[in-house]
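See below for the structure under consideration.
The values are calculated or read from the model by the stated rules, or taken from the named source; none is laboratory data. All values reported here derive from a predicted model rather than from experimental measurement. Glycine gets a Cβ as well: all are built from the backbone with ideal geometry, and neighbour counts include every protein chain shown.
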Amino acid sequence: MSLFSAVEMAPRDPILGLNEAFIADTRSNKVNLGVGVYFNEEGRIPLLRAVQEAEKVRLQAAAPRGYLPIEGIAAYDSAVQKLLFGSDSELLAAGRVVTTQALGGTGALKTGADFLKRLLPDATVAISNPSWENHRALFESAGFNVENYPYYDAASNGSDIKGMLEKLNSLPARSIIVLHACCHNPTGVDLSNDEWKQVLEVLQARDHVPFLDIAYQGFGDGIYEDAEAVRLFAASGMNFFVSSSFSKSFSLYGERVGALSLVTASREESARVLSQVKRVIRTNYSNPPTHGATVVASVLNSDELRAMWEAELGEMRQRIRDMRISMVDKLAALGAARDFSFVKQQRGMFSYSGLTADQVERMRAEFGIYAVGSGRICVAALNNGNLDVVTQAIAEVIR
Ligand code: PMP
């Protein structure tokens with residue numbers, strides 16, 4: 001009998017399943033709003049000019065591809081730290097931040113989760129309801145029990161800060177709290193500065209361990225502005241984890257460029273923590289890949305390329321904002337049966353549109369427009385060429 005005869009088929013990834021259905025759809029005006037990727041006005045994933053310039057230099061140098069250190073490229077790790085904590089950060093000066101290159105934001109989360117399992121084997125992990133669909137699976141696969149904390153209030157299309165604080169208060173002390181630092185996926189609803197302070201207060205009082213996930217830095221209000229929550233936690237004196245990603249901000253999805261950063265109490269503690277995180281990495285994939293992090297490090301560490309990148313990221317951010325505004329205005333002009341102005345307040349690539357699963361299904365069946373059943377749409381997949389069909393379809397299905 002085959003070793004695998006009893007292996008059951010795993011459930012399909014809902015978003016990848018959606019992509020497959022989209023590809024198989026033969027309608028010419030079909031639109032895919034289900035993805036989590038930034039497309040430009042022409043509907044393509046951009047290869048940033050700053051990336052192309054750095055790649056030219058790299059190709060020219062014909063650099064050998066030896067193994068990197070387990071923690072990755074030093075110039076990359078330190079550039080990540082400055083981007084997250086600010087170049088004038090006291091924590092960085094005091095050697096209190098440990099950063100390791102990671103296989104995207106996902107790899108950073110998993111390395112962090114595996115390390116936490118050794119530190120706090122019985123801890124509860126809490127993620128927002130709703131959250132990026134991989135958060136739960138990832139912490140469960142690291143061996144944790146994962147709970148939800150309230151986050152989104154459908155009635156106001158805003159945050160449920162009261163429910164969130166109550167839940168954080170009631171969790172066992174020293175729980176691990178996963179927080180989206182900006183551009184919440186899937187809702188697009190972020191906490192205000194004041195709400196962040198209230199969350200921080202509860203986390204401190206309960207001795208919880210914050211795990212900030214920042215996968216969209218620069219897609220909300222700006223590169224510096226979007227790291228506000230990281231700086232707030234840094235100023236608090238707490239120990240915390242940060243997973244970060246350049247998948248979106250550098251449009252380098254397939255290169256797997258991310259980082260895990262941990263805030264410790266001292267330089268000496270950092271050395272011990274780093275030695276243990278390196279063991280986690282060593283037993284998982286030994287050491288990270290060279291290309292993406294080399295490119296990102298050369299861009300971030302060059303005045304000229306960095307300015308180019310900031311401008312390009314600014315263009316992406318602005319295009320998404322323009323699409324939000326156009327979408328809301330077009331829906332209003334069509335006399336849509338609902339006020340969509342909340343979409344303008346949302347941040348980042350996604351919007352919880354408020355469409356029901358039935359309405360999303362009608363959009364697909366009748367109009368060839370694909371969105372996630374939760375009503376999440378990727379605003380970064382809208383453009384001036386598809387906005388009319390999308391808004392007309394929305395107006396129709398909510399009639
Ligand atoms: N966290 C969140 C909230 C995300 O939305 C994503 C990716 N969409 C990730 C982490 C993982 O990013 P990466 O593709 O760099 O692994």
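Filtering region 271-287 to residues that are among the polar types (S, T, N, Q), in contact (Cβ under 8 Å) with a residue 60 or more places away in the chain and outside any loop (DSSP other than H, G, I, E, B) leaves Q276, N284.
If the requirement is being surrounded by 14 or more Cβ atoms within 10 Å (Cβ to Cβ) and of a type in the set (D, E, K, R), which of these qualifies: E55, E20?
It is E55.
The selection criterion, being more than 16 Å from the ligand (Cβ to nearest atom), at pLDDT below 95 and either farther than 15 Å from S261 by Cβ or part of a loop (DSSP other than H, G, I, E, B) (or both), holds for P64.
The single condition among (1) touching a Gly at 6+ places or on another chain (Cβ under 9 Å); (2) buried (at least 18 other Cβ atoms within 10 Å of the Cβ) that Q345 does not satisfy is (2). The set of residues in region 227-253 that are in a helix (DSSP H, G or I) and among the aromatic types (F, W, Y) comprises F233, Y253. Which residues, taken from region 291-319, are surrounded by fewer than 22 Cβ atoms within 10 Å (Cβ to Cβ) and either within 24 Å of G354 (Cβ to Cβ) or charged (D, E, K, R) (or both)? Scanning region 291-319 gives D303, E304, R306, E310, E312, E315, R319.
Okay, residues lined up against (1) in contact (Cβ under 8 Å) with a residue 12 or more places away in the chain; (2) assigned to a loop (DSSP other than H, G, I, E, B):
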site	(1), (2)
M1	no, yes
A6	no, yes
L16	no, no
S28	no, yes
G34	yes, yes
L47	yes, yes
V51	yes, no
L59	no, no
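Just to verify a result, which residue in region 224-258, among those that are out of contact with any Gly (no Cβ under 9 Å at 6 or more places or on another chain) and hydrophobic (A, V, I, L, M, F, W, C), is farthest from the ligand (Cβ to nearest atom)? Going through the qualifying residues, I end up with A235. Counting only helices (runs of 4 or more DSSP H) that sit wholly inside region 288-368, those with at least 1 residues that are small (G, A, S) are 291-300, 303-333, 357-367. The residues listed here are E133, E147; of these, the one that is in contact (Cβ under 8 Å) with a residue 40 or more places away in the chain, surrounded by fewer than 20 Cβ atoms within 10 Å (Cβ to Cβ), under 20 Å from the mean Cα position of the chain (by Cα) and more than 19 Å from I281 (Cβ to Cβ) is E133.
Assess whether E20 counts as being under 24 Å from the mean Cα position of the chain (by Cα) and not in a helix (DSSP H, G or I).
Considered against the rule, which asks whether it is under 24 Å from the mean Cα position of the chain (by Cα) and not in a helix (DSSP H, G or I), E20 comes out as no.
Looking at this structure, is V31 of a type in the set (V, I, T), touching a strand residue (DSSP E or B) at 6+ places or on another chain (Cβ under 9 Å) and modelled with pLDDT under 95? Criteria not met by V31. The set of residues from region 241-278 being farther than 29 Å from S298 by Cβ and either of a type outside the set (S, T, N, Q) or within 13 Å of the chain's Cα centre (by Cα) (or both) comprises A265, E268, E269, R272.
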